[in-house]
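These notes concern the structure reproduced below.
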Amino acid sequence: MVVVNFRTDEPAERALAELTADGSSVSDAIRRALVDAVRLRRREQMRRESLEAANDPADLAESRQILKDMDELRAW
């Protein structure tokens with residue numbers, strides 16, 4: 001396990017105060033915040049990638065063709 005020291009500023013101190021208001025330790029709050037930050041970053045990356053795919057003319061054309069091909073395979 002790595003021990004990390006850092007200096008807070010006013011916004012960080014306010015955030016820590018809010019995250020520890022429920023009685024959580026500063027260490028627990030920081031660990032949760034780091035995990036949440038990575039989760040948010042990954043979600044934002046997925047959102048950007050999905051918007052790129054949704055706006056890619058070649059990808060849209062391929063998707064339409066697949067839907068057309070699948071529709072022709074329906075039994076009813």
Over the chain, what percent of the accessible surface lies on carbon and sulfur atoms, probe 1.4 Å? 57 percent
How much length would be gained if the chain were fully extended between R41 and E62, taking 0.36 nm per residue of separation minus their Cα-Cα distance, in nm to one decimal? 4.7 nm
At a Förster radius of 25 Å, what calculated FRET efficiency corresponds to the Cβ-Cβ distance of R48 and R14, to the nearest 0.05? 0.30
Length gained, E72-S27, 0.36 nm per residue minus C-alpha separation, equals 10.4 nm
Keeping every protein chain present and rolling a 1.4 Å probe, give me the accessible area per residue for the chain in Å². 95 Å²
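The values are calculated or read from the model by the stated rules, or taken from the named source; none is laboratory data. From a predicted model like this one, the values you see are computed outputs, not experimental measurements. Counting neighbours? That spans all protein chains shown, and the Cβs are built from the backbone with ideal geometry, glycine included. Areas reflect the complete protein model, heavy atoms only, side chains present, ligands, DNA and RNA absent. Shrake-Rupley method; radii C 1.70, N 1.55, O 1.52, S 1.80 Å.
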